[in-house]
Amino acid sequence: MPRVSVIVPAFNAARTIEQAVESVRAQSYTDFEIVAVDDGSTDSTIEILERYGDSIKILQQQNRGPSAARNLGIANSTGEYLGFLDADDWWNPKFLTTMIAALQREPEFVMAYCDLQLVDSLGKPFQTSLMAVREHRSPTVQDMLETLWPIMPTGAMIRRDTLAAVGGYPEALRAFEDVFLWLLLREQGPFAYVPEQLAMWRFAHFPAPLKASGGQEAAGRIFRQMVKARYGVDPIRQVRSRERAPRSILGYIGLDALAHGDRVTARNAFRRAISLDPCRMRNYLRLARTVLPAGMARALSGKSGRAA
């Protein structure tokens, strides 16, 4: 019986699923199983997975969303520890070794999570990370009720018994499911934070979109209702932060490109940001910088960083 079960939910992930699976197979820690769940893909995802034969377990379901896919994988796995790798992300070879060690340091830790390196849709890294704007410490429940803490499923490892105690991923949510789950898990005990970029989180909207944007509005409303019912507070700030995230990352890409004299990339990033949020005037001004002389554009761009 493997000690770690790696659950890989996939929906129309033909362009990225092989890289995700190969990053698991390349781990320095080898006592694991891979359970891939095809969530009703209409592309060649399942054909790519089947090339691995018996080396991975493949499950299929009609499209029900990432929570249902992960829960199906959990139900058909055996590991004491559970890792969740999204099909468009990948892991550093020492991810499993480091995360297991973090959980083993203190029996009270119910989950470990790490920093993640941001990469664009083609896999090119950005010079920043998801934790760039957060304190390097584990959050409390109150922290997560007050602000959106950038913990991603790809960067987390959870004890099976703890996840079972909270009922798994909330299938009522097709987005924000991870945010709600972290709250439930934090009630069970503290998290271990690993301040290393052990996973790559792909920004799927630029330069070549891998998935459609939007679709979070209904989930955001359900998430707010669920948090209000359980905690008596309205997590509107978290919902707005998640909705702003693609625009903010595109702003960062554009400013960084301007700072390096790449006006074409900057122009494309700002145009994409405007398409996501036409009312954000700042990005129109940024777009205007891309037609200025290169020296003036760099001078006006200021320091690059995560842009709101």
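Extension gain for residue 141 to residue 105 (0.36 nm times residue separation, less C-alpha to C-alpha distance): 10.8 nm. Where only DSSP H runs of four or more residues are counted, the chain gives -12500 deg cm²/dmol as its mean residue ellipticity at 222 nm, each run worth -39500 (n - 2.57). Under 5 Å from the amide H of residue 84 lie the amide H atoms of 7, 156, each residue being 5 or more positions distant or on a separate chain, with H modelled from the backbone and absent for Pro and chain starts.
Among 159, 51, the order by Cβ neighbours within 10 angstrom, fewest to most, reads 51, 159. Pairs of Cα atoms nearer than 8 Å and 6+ residues apart set the relative contact order; for the chain it is 17 percent. GNM remark for the chain: springs join alpha carbons under 10 Å apart, and the peak mean-square fluctuation among 263, 186, 282 falls on 282.
For the chain, the longest principal axis of the C-alpha atoms and the axis of helix 236-259 are separated by about 50°.
The modelled label-to-label distance between residue 260 and residue 237, using points 7 Å beyond Cα along the C-beta direction, is 3.3 nm.
Give me the mean projected area, in nm² to one decimal, of the convex hull enclosing the Cα positions of region 235-301.
Orientation-averaged projected area of the Cα hull: 4.2 nm².
For the options 116, 148, 85, a Gaussian network treatment of the chain with springs between C-alpha atoms closer than 10 Å singles out 148 as fluctuating the most.
Rounded to the nearest 10 degrees, the inclination of helix 177-188 to the longest alpha-carbon principal axis of the chain is 50 degrees.
Using a 10 Å cut-off around each Cβ, can you sort 171, 33, 106 from fewest to most neighbouring Cβ atoms?
Values: 171 16, 33 19, 106 12.
Least crowded to most crowded, the residues run 106, 171, 33.
We did not get these values from a lab; they are worked out from the coordinates using the rules stated. Since the structure is predicted, the reported quantities are computational estimates derived from the model, not experimental observations. Note that we place each Cβ from the backbone using ideal geometry, even for glycine, and neighbour counts take in every protein chain shown.
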